[in-house]
Amino acid sequence: IYLLYAFGWMERFFRTVHRDREAYAYVSPAMIGMLVLVFAPFMVGIGLSFFKHLGGGKYEWVGFQNFINIFFDPLNPFPHALNFYYTLCITLLWTFLNVFLHVSIGLGLALLLKNPLLRMKSIYRVLLILPWALPNYITALIWKGMFHQQFGAVNTILDNLGIFALLGIERVSWFSNAATAF
């Protein structure tokens, strides 16, 4: 019965492809791109996860040992940055905060721009769309420059406001500590 169902499913699939061949012709470049750029590397990565790289293009089969090493790593306890569970917690916290802040700030700005008494709405809308229009790489470079220890705008502003003198600390190296980098 399962084989009949499988062949019936395949027959319906090919009948649909034949009937809607023009639509599939339009979608096929994207489907091929997804296969080549996403699914193939994903499957290769899954396959490689069962091997240990020995160098020189040689691999040794280790089975699930790589997964055991990741989940039960005795060398890196929980608060260590290379610990799987620590990284998972940081990723979940980062995701939650990003979604919460993006939705909250976006909703607040949308409600603000909806106000009929607000002047120069078009200028505000252009200013709000600029970060989206900049490429992510350029945005990352801007943020990296802003948090540079010696020349960054954030440390310069905090220094000019006297925050460092008040706290009795030097300029912060933002990317050398996990808490400040977060």
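The values are calculated or read from the model by the stated rules, or taken from the named source; none is laboratory data. Values in this document were obtained by computation on a predicted structure and should not be read as measured data. Positions of Cβ are generated from backbone atoms using ideal geometry, with glycine treated the same way; all protein chains shown enter the neighbour counts. Surface accessibility is based on the protein's heavy atoms, side chains included, excluding ligands, DNA and RNA. Shrake-Rupley method; radii C 1.70, N 1.55, O 1.52, S 1.80 Å.
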field: Of residues in the range 61-78 being closer than 30 Å to Phe175 by Cβ and of a type in the set (A, V, I, L, M), the one least open to solvent (accessible area, probe 1.4 Å)
entry: Ile70
query: Are any residues in the range 112-146 among the hydroxyl-bearing types (Ser, Thr, Tyr) and open to solvent by 100 Å² or more (accessible area, probe 1.4 Å), and if so, which ones?
result: Tyr137
- prompt: Can you name every residue in the range 47-57 that is outside any helix (DSSP H, G or I) and open to solvent by 70 Å² or more (accessible area, probe 1.4 Å)?
  reply: Phe51, Lys52, His53, Leu54, Gly56
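When the residues of the range 98-111 are narrowed to those that are open to solvent by 60 Å² or more (accessible area, probe 1.4 Å) and without any contact (Cβ under 8 Å) to a residue 12 or more places away in the chain, which ends up nearest to Phe71 (Cα to Cα)?
Here is the first cut: in the range 98-111, the ones open to solvent by 60 Å² or more (accessible area, probe 1.4 Å) are 99-103, 105, 107, 109, 111.
Those left that are additionally without any contact (Cβ under 8 Å) to a residue 12 or more places away in the chain: 99-103, 105, 107, 111.
Working: Val99: 27, Phe100: 29, Leu101: 31, His102: 32, Val103: 33, Ile105: 36, Leu107: 39, Leu111: 45 Å.
Ranking the candidates gives Val99 first.
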query: For Ala81, all conditions in the list (1) exposed (fewer than 11 other Cβ atoms within 10 Å of the Cβ); (2) modelled with pLDDT of 90 or more hold save one; what is the number of the exception?
result: (2)
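Every residue, every condition in (1) over 30 Å from Leu82 (Cα atoms); (2) surrounded by 11 or more Cβ atoms within 10 Å (Cβ to Cβ), yes or no:
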| site | (1), (2) |
| --- | --- |
| Gly8 | yes, no |
| Phe13 | yes, no |
| Ala23 | yes, yes |
| Ala30 | yes, no |
| Met34 | yes, yes |
| Tyr59 | no, yes |
query: Is there any pair with a first residue in the range 61-74 that is under 18 Å from Gly45 (Cα atoms) and in a helix (DSSP H, G or I) and a second that is of a type in the set (S, T, N, Q) and open to solvent by less than 90 Å² (accessible area, probe 1.4 Å) whose Cβ atoms are under 6 Å apart and which are 6 or more apart or on different chains, and what are they?
result: Asn66/Ser49
